[in-house]
Amino acid sequence: MRAALRNQSAEMLPTGVQWCTVGEINESTDWKAALGQVSSVVHLAARVHQMRESSSDALRQYRRVNAAGTITLAAAAAAAGVRRLVFASSVKVNGEQTALGHSFSESDAPRPTDPYAISKWEAEQELWQIAKDTGLEVVVLRAPLVYGPEVRANFLRLLQLVRLGVPLPFGSVKNARSVLFLGNFADAISWCLKAPKAAGETFLLSDGEDISTPELLRAIAVSMGRPARLLPVPTGLLRFLSGLLEMCAELSRLTDSLTLDSSKIQEVLGWHPPYTLHEGLRLTTRWYAQQATL
C-alpha cells in the first residue's frame, strides 16, 4: 500500500505504509512516483467547503483541484496500467436537501449547486469518459457527512459544544440526515476495490440509519455522559437570525433534511455497514474525549 501526500506530513499513516509526496493537486500534478507498480487507486483528496471563502473565483479553484486534479490522476493511472480507480465524490452532487420521507438515489438526476458539488459532478463525468477511452475501471462513491476519529469542521464543533454544555437552539428541529462513519466508508472502499461487479458503478453510501439533528445531539451527549441542552427555538426564527448573521448555509446543514438510499451497493455487492450509527458515534466521542483530556 502506498499513500500519496501533498506534503511530507506522514505522522497519521499506519506503520509500514509507503508514502510519497506529490505536492499540490491540480492539472499539473506529477503522479508517476505514486503510481509505479500500483493496480488500484483510491482518490480521496479534494478541496472541501471553505467556511469563509477567500477566493474571488471559488468555482475555478474547486475545478482545479477536484475536477482537473482528478482527471490528471485518472489519465496518469490509465497510462501506468492501473486497473481500477475508486473516486470519493459527494451526495451534494445529487443536491443540497431532500423532503422528509424522500431520499436521493443513484437514479436521480444530479443537481449540484455550489462550487464544490459542481466540481465533483464535472470530475465524475470526465472519469466516465476516461473509463470509456482507456478501459480504466471507475467506481464512484457519493458520501454524505463523514464522521469518526479525527473528524473536523462542523461535526467537531458539535462535539465541543455538547461537551461544554452549551445550550443549543435545535430542540424544535424536525429533519432527517444521512451520515457515514469513517469505518463504514473504509469498508465500502475495500469492497469496491475487489468486487468485479463494482466496476462502472456509482454508489450512494450511508450508515443505513437516518437521524435528526436533535437526535444526533442527544446521542452525542449520551455517549459523553453529559446532558443534552436543547432549546425549543422555532425553526423560522433560526432562519431569520441566520440570515442576519450571514450563516444560512451553516444553519441549513443543521435544520434541512438530506437523506440517501444506500440499498444499491447492498444489492449489487452484498455490502452492509459493519458499524451501526450509534457504534460509530460512540467510537467518535471516545476519540474526542481522549483528545480533550490531553
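Normalised by the number of residues in region 1-143, the mean separation of alpha-carbon contacts (under 8 Å, six or more apart) gives a relative contact order of 25 percent.
A simple packing score, the average count of other Cβ atoms within 10 Å per residue, orders the peptides 217-226, 70-79 as 70-79, 217-226, with the highest score first.
Counted residue by residue at 0.36 nm each, then reduced by the alpha carbon distance between them, the extension gain from Arg226 to Leu241 reaches 2.6 nm. Each of Tyr116, Tyr275 was scored by other Cβ atoms within 10 Å of its Cβ. Arranged with the fewest first, they read Tyr275, Tyr116. A straight Cα-to-Cα reach below 28 Å connects Lys120 with the lysines Lys32, Lys92, Lys132, Lys194, Lys197, Lys264, residues fewer than 8 places away in its own chain not being considered. Summarising the strand pairing of the chain, around 10 percent of its internal DSSP beta bridges are antiparallel. What you get for the chain, charging only the Cβ of Lys and Arg (+1) and of Asp and Glu (-1), is a dipole of about 620 debye around the Cα centre.
I'd like the antiparallel share, as a percent to the nearest 5, of DSSP beta bridges with both residues in region 139-294. Taking every DSSP beta bridge within region 139-294, about 20 percent pair in antiparallel fashion. GNM remark for the chain: springs join alpha carbons under 10 Å apart, and the peak mean-square fluctuation among Gln129, Gln37, Gln160 falls on Gln37.
The alpha carbon convex hull volume per residue for region 1-144 rounds to 137 Å³.
For Thr98, the residues 5 or more places off, or on other chains, whose built amide H falls under 5 Å of its own are Ser257, Leu258, Thr259.
Extension gain, Thr293 to Trp128: 0.36 nm times the residue separation minus the Cα-Cα distance gives 54.7 nm. Cβ crowding within 10 Å ranks Thr113, Thr285, Thr255 as Thr113, Thr255, Thr285, fewest other Cβ atoms first. State the answer as a single residue: which of Pro149, Tyr275, Thr29 lies farthest towards the positive end of the charge dipole of the chain, with beta carbon charges of +1 for Lys and Arg and -1 for Asp and Glu, about the Cα centre. It is Pro149, whose Cα lies furthest towards the positive end. Sorted largest first, the spans of the alpha carbon positions of region 143-273 along the three principal axes are 50, 31, 21 Å. Note down the nm distance, to one decimal, between modelled labels 7 Å out along Cα→Cβ at Gln266 and at Glu209. Result: 1.3 nm between the two label points.
Where a number appears in this text, it was derived from the coordinates with a stated rule and is not lab data. Remember, predicted model here, so these are calculated numbers, not experimental data. In this analysis, Cβ positions are derived from the backbone assuming ideal geometry, glycine residues included, and neighbour counts consider all displayed protein chains.
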